[in-house]
1. Within 12 Å, Cβ to Cβ, of residue 94, how many net charges do the neighbouring residues add up to if Lys/Arg are +1 and Asp/Glu are -1?
2. With everything on Cα atoms, drop me the angle between helix 58-80 and the longest principal axis of the chain, reported from 0 to 90° to the nearest 10.
3. Rounded to the nearest 500 deg cm²/dmol, what is the calculated helix-only ellipticity per residue at 222 nm for the chain, with -39500 (n - 2.57) per DSSP H run of length n ≥ 4?
4. Using per-residue counts of other Cβ atoms within 10 Å, averaged over each peptide, order 67-75, 97-105 from highest down.
5. Given the C-alpha centroids of the stretch 44-76 and the stretch 97-142, what is the distance between them in whole angstrom?
6. Relative contact order for the chain using alpha-carbon pairs under 8 Å, separation at least 6, rounded to a whole percent?
7. Enter the per residue convex hull volume of the chain, computed from alpha-carbon coordinates, in Å³ rounded to the nearest integer.
8. Using 1/(1 + (r/R0)^6) with R0 = 25 angstrom and r between the beta carbons of residue 96 and residue 52, what's the FRET efficiency to the nearest 0.05?
Amino acid sequence: MEQLTEELVNMSEITEYLPQQAPMIMVDRVYQCEGKGIVTGLTVRPDNIFVNQGVLTEPGIIENMAQSANVKREYEIKKLDASPAIGFLGSLSKLKIYFRPPVGSELITELQALKEVMQITLVKAKTLCGGELVAECEMTVLLRKE
């Protein structure tokens, strides 16, 4: 993967794209968002609600992937000036977690929409840390218009 340096959305703007508020925010940057894909970032901080014994736990890794999917949709909605929607994780499959990243790590999460039907999207997600695969899965994301 190429070096990611330019942010489309930074930490101070991310709450415009997520219904979650601190301490539940699990995405703090957007690097790319085009077509059916998005690339997000998260720095694992010691005060993160999902950190235990110096590493990000499995629920935190999954929440990062789910929130990345929601940021993708909200980014598109804002670009089109359409009404907001709330995303819900409908299902999670083919989940593999290879390791738990330590505090201070930067996670890079890549999502690709595989199929969209009405307000249901199937996405493939993978999370990397230092170029190593942390986790991968498929998720079904359901949307509800506000």
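FYI, it's all coordinate maths here, none of it is from the lab. Owing to the predicted nature of the structure, the values given are computational and were not obtained by experimental measurement. Cβ sites come from the backbone with ideal geometry, for glycine too, and all protein chains shown count toward neighbours.
1. Working: positive: 96, 124, 126; negative: 136, 138.
Charge balance in the 12 Å sphere: +1.
2. Its long axis makes an angle of about 30 degrees.
3. Working: 1 runs with 23 residues, N = 146.
Roughly -5500 deg cm²/dmol at 222 nm, from the helical runs in the chain.
4. Working: 67-75: 22.9, 97-105: 15.3.
For the peptides 67-75, 97-105, the packing ranking is 67-75, 97-105.
5. Cα centroid to Cα centroid, the span is 10 Å.
6. 23
7. Numbers: hull volume 15.4 nm³, N = 146.
Output value, Cα hull per residue: 106 Å³.
8. Values: r = 20 Å, r/R0 = 0.81.
With a Förster radius of 25 Å, E is 0.80.
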